[in-house]
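See structure below.
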Amino acid sequence: MKHLPRTCALTAAAVTMLSLAACSTTDPDASGGSGGGAEGDVTTGSGVTDSEITVGMLTDLSGPFAAGAAVQVTQTNAYWDQVNADGGVCDRDVVVDVQDHGYDPQRAVTLYRSMAPDVIALQQVLGGPTSAAVLPLAEQDDVYVGGVGWTGSALQYENNQLPGASYAIEAANAVDYLVDELGVPEGGSIGVVYFAGDYGGDALAGAEHAAEERGVEIVAQEITSQTTDLSAQASALVQADVAGVVLAAAPTQLASLAGVLATQGADVPIVGMNPTFNPSLLGSPVADALLANAYSITSVAPYASDAPGVQAANELYASVAPDGDLGWEVPLAYVQGELLRQALEGACESGELTPEGVVAALQESSSVDTDGLLPDGLDYSQAGQSPTTTVYVSKVDADAEAGLALLEEFSGPSAESFSYGG
Amino acid sequence: MSDLLRRLGGLALLVVALALPLVLNDFWLQTGLFVMAAAIGAVGLTLLVGVAGQLSLGHAAFAAIGAYVYAWSTGETTTSVTGGGLPPLLGLALAALVAAGVGAAFSPVAGRLRGIYLGLATLGLVFIVRHLLLNLTDWTGGFTGRSVESFALGGFSFSNRDPDYLAVGGVEFEGLHRLWYLFLLLAVVACWLAGNLRASRTGRAWANVRDSETAAAAMGIGVARAKAAAFVVSSAYAGTAGAMLALAYGRVAPDVFSLTASVDFLVMIVLGGLGSVAGAVVGALFVTALPLVLAEYSSALPFLAAPGSGGLDPSTASRIVYGVAIIAVLVFLRGGLAGAGRRLRHRLGGGGPSGDAGTTDPDTPGPGPAGRTAPASGTTDPSTPDGSHPAAVTHPRSKETTR
């Protein structure tokens, strides 16, 4: 191979010539207007055919959130079946493409890549790290993403639709509720036990804002999801003589905290955020402590609400999964479907049934109503801010369905004065 | 002759890799980016564990350092995070350099510990780095991480913009296509360097230190220096891999660089065959792509249940396949996939390219006696005749790498 260098040079030159000849920087579609055939008056895009609209759902069916996610998948499929039976959206049937990322960001990103050309919107991307990986890509592609949870950090994406109030708003309301209704005096102190990370951090920010407004002290205790014994945190709270506790964690932590506080003789109200209560806790030894002192603040109306939307959601779920687990996922999955349906219909009305059209419809919706599943008048036109300041306050109650009895819709003064980035 | 064939095979693979973006869809392109990033990390680890014989469970920590150094140095300062605003090429170089620097700082520890003790010490690095990533929020963005500026070179951006539209042969080249070529270049260069390094004086010295520190010292090799050098080089590879992962995601978050990522790197090199560059690449391909491909094509596989319906779903299936593959390789394939490939070539008459990974490994040693390729002893054959090299010590059987 003495001539290898010359052969190489020739080959390289030829390849370069060929690839340069094949290059082009003028977009043939640039002047041709929108892609996709116009059907009637509606422009269509990815995931839309003459008879079908495909929406995506990236969820976790084999990782830590498998149980709750399965409930949501069942309910979501049932919801769209019902919509299709009533005539569909924009004269088309809606099909759900469910994919399982197993809480792995790498898999979520690749699944998103394979899904993006074939869906008009993503109804859900479950999980913190997974949605954090997908959201920026979806924003670049101008694809609607719903159901990524309630963390404030998701609000910076204009393509994201938050189902109700963010965690900071929930926590600010929790402090307001503790002061106004549960007897925390001015100058008293409130414990905040929170997960390290975006969920707990967001909740802490809201609670700190509210504490400043209401003149109370915050006693913050950071934990991780691996912390299952909260004796140390409970002791610290008792020592600081707190008059109430805000908990931004998971059911395991609620059980531990309520149990330990009760045995230490601290009879103080515990207010948990969205995911902290699970009906199965009522079968555990701490049930009495929970019944006495535990409250839950949720962005979505609890299962036992008598609002027409919630009743419709519950009936639908009961008809498709008579033996399924009950819980806050049932109304949540329903309302996420409802929010997306409204955005799709908005896009249809504006004649742009494309991913971009759905995002535009979302950004124009300044007063969304959902039959009592979420607080009325959700405002998605203010990018970066929570769509509402209203939350649902429930008390743990053995007689209520799914263990939570709705007390009231609540919007406290410090929740109303809270603003992100301000 | 065999060398020529291997070169031709490598060239053919390279041409295929160059042409792939013309036909692949976004899913395969994204998978390819992850594979190439993982491959560079695995090659770095195989130099450290396979060639130099130092067990490391902290590879993900160095990858994290690389990823965040790139993200910070090229990022702009915003309301939530600070950034250096440097050119991306400089950021990429810094990612490798800073990771190498941290590796150098850690090398006194690495020089004093061996085997499982070194493994545990490096395990600590993963947790320290994770703690820092979560708490230095001004630099890292905390739990949610920070976004990553796309790579650009002299006005040409490896993203969907600048130029907004670029087509080759009628196929529109978007960010993923452009990144593919950047990653391919980095991967080929990294593998070529690693192959040469392994066959060089330095690589032989590392292998010698692995097999017997006393013998190595007697041969005039600075044992501490050799160990430190291996750690530094491996860390630089990990840093580059981390920066590439950051580019492939478009965002960095601490969860990507967990202990699981470290273990995955180890699985890659064990599957591929310790010490083999080509093996590391194939291992990276297998470990990275398998779960992604199974998840994507689950609906086409009749024995898999739809996600959520309660049967054997694709995620679980990929984990089972993964586990079975590791056991099968450890039990049946001495020397991993690289060892198997070498024996196969030997049986076929000592010629022919290895087919699957020849492009990236110009220096796989020739077929040795089958008994020499025990899994832990790697593939380095220090007895290659070359008068100027000091590594003439031939052990009938290499000692365990991970004492």
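The values are calculated or read from the model by the stated rules, or taken from the named source; none is laboratory data. Values in this document were obtained by computation on a predicted structure and should not be read as measured data. Every residue, glycine among them, receives a Cβ derived from its backbone with ideal geometry; neighbour counts consider all protein chains shown.
Here is how the numbers come out for the structure above:
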quantity: Any hit, the range B:11-19, residues being in a helix (DSSP H, G or I) and buried (at least 21 other Cβ atoms within 10 Å of the Cβ); calculated: no
quantity: Any hit, the range A:247-254, residues being of a type outside the set (Ser, Thr, Tyr), assigned by TED's automatic domain parsing to the domain that holds A:Arg92 and either modelled with pLDDT of 90 or more or in a helix (DSSP H, G or I) (or both); calculated: no
quantity: Residues that are buried (at least 24 other Cβ atoms within 10 Å of the Cβ) and either at pLDDT below 85 or outside any loop (DSSP other than H, G, I, E, B) (or both), drawn from the range A:304-316; calculated: A:Val310, A:Ala313
quantity: Considering residues of the range B:221-258 that are within 14 Å of chain A (Cβ to nearest Cβ) and over 15 Å from B:Leu133 (Cβ atoms) only, the residue surrounded by the most Cβ atoms within 10 Å (Cβ to Cβ); calculated: B:Ala241
quantity: Count - residues of the range A:155-175 that are surrounded by fewer than 24 Cβ atoms within 10 Å (Cβ to Cβ) and closer than 16 Å to A:Gly200 by Cα; calculated: 1
quantity: Every residue from the range B:167-190 that is over 17 Å from B:Leu92 (Cα atoms) and among the aromatic types (Phe, Trp, Tyr); calculated: B:Phe173
quantity: Answer residue from the range A:120-135, given it is touching a Phe, Trp or Tyr at 6+ places or on another chain (Cβ under 7 Å) and either of a type in the set (Asp, Glu) or farther than 21 Å from A:Val300 by Cβ (or both) and is nearest to the other protein chains (Cβ to nearest Cβ) among those; calculated: A:Ala133
quantity: Residues of the range A:220-241 classified as farther than 16 Å from A:Leu254 by Cβ and among the acidic types (Asp, Glu), total; calculated: 2
quantity: Evaluation of A:Asp142 against (1) in contact (Cβ under 8 Å) with a residue 40 or more places away in the chain; (2) touching a strand residue (DSSP E or B) at 6+ places or on another chain (Cβ under 7 Å); (3) of a type outside the set (S, T, N, Q) (one fails), failing number; calculated: (2)
quantity: Boolean, B:Phe143 is buried (at least 20 other Cβ atoms within 10 Å of the Cβ) and more than 13 Å from chain A (Cβ to nearest Cβ); calculated: no
quantity: Filtered residue count, the range B:119-140, keeping only those that are exposed (fewer than 15 other Cβ atoms within 10 Å of the Cβ) and closer than 16 Å to B:Pro254 by Cα; calculated: 7
quantity: Only one of A:Gly403, A:Gly351 that is among the small types (Gly, Ala, Ser) and not assigned by TED's automatic domain parsing to the domain that holds A:Val94; calculated: A:Gly403
quantity: Cβ pairs under 8 Å, 6+ apart, first in the range B:245-265 and of a type in the set (Lys, Arg), second at pLDDT below 90; calculated: B:Arg251/A:Ala132; B:Arg251/A:Ala133; B:Arg251/A:Pro136; B:Arg251/B:Gly145; B:Arg251/B:Arg146; B:Arg251/B:Ser147; B:Arg251/B:Val148
quantity: So A:Gly127, is it touching a residue at least 60 places away in the same chain (Cβ under 8 Å) and within 11 Å of the chain's Cα centre (by Cα); calculated: yes
quantity: All positions within the range A:197-247 that are within 14 Å of chain B (Cβ to nearest Cβ) and either out of contact with any strand residue (DSSP E or B) (no Cβ under 9 Å at 6 or more places or on another chain) or buried (at least 17 other Cβ atoms within 10 Å of the Cβ) (or both); calculated: A:Gly197, A:Asp198, A:Tyr199, A:Gly200, A:Gly201, A:Asp202, A:Ala203, A:Leu204, A:Ala205, A:Ile223, A:Gln226
quantity: Residue under evaluation A:Ala383, criteria (1) at pLDDT below 85; (2) outside any loop (DSSP other than H, G, I, E, B), criterion not met; calculated: (2)
quantity: Pick from the range B:148-187, criterion facing chain A (nearest Cβ under 10 Å) and of a type in the set (D, E, K, R), ranking: surrounded by the most Cβ atoms within 10 Å (Cβ to Cβ); calculated: B:Glu172
quantity: B:Ser80 vs. criteria in contact (Cβ under 8 Å) with a residue 60 or more places away in the chain, over 21 Å from B:Lys227 (Cα atoms) and part of a loop (DSSP other than H, G, I, E, B); calculated: yes
quantity: Failed item in (1) in contact (Cβ under 8 Å) with a residue 60 or more places away in the chain; (2) buried (at least 24 other Cβ atoms within 10 Å of the Cβ); (3) in the same structural domain as A:Asp369 (by TED's automatic domain parsing), with A:Gly324 passing the rest; calculated: (2)
quantity: Residue tally, condition assigned to a loop (DSSP other than H, G, I, E, B) and either out of contact with any strand residue (DSSP E or B) (no Cβ under 8 Å at 6 or more places or on another chain) or not assigned by TED's automatic domain parsing to the domain that holds A:Val175 (or both), over the range A:406-422; calculated: 6
quantity: Subset tally (residues that are of a type in the set (S, T, N, Q) and touching a residue at least 40 places away in the same chain (Cβ under 8 Å)) for the range A:214-267; calculated: 2
quantity: Within the range A:175-211, tally of residues that are of a type outside the set (A, V, I, L, M), under 22 Å from B:Thr137 (Cβ atoms) and either touching a Phe, Trp or Tyr at 6+ places or on another chain (Cβ under 6 Å) or touching a residue at least 60 places away in the same chain (Cβ under 8 Å) (or both); calculated: 7
quantity: Odd one out for A:Val143 among (1) surrounded by fewer than 24 Cβ atoms within 10 Å (Cβ to Cβ); (2) more than 11 Å from chain B (Cβ to nearest Cβ); (3) over 27 Å from A:Gly272 (Cβ atoms); calculated: (1)
quantity: Test: residue in the range A:406-420 that is in contact (Cβ under 8 Å) with a residue 40 or more places away in the chain and within 14 Å of chain B (Cβ to nearest Cβ); calculated: yes
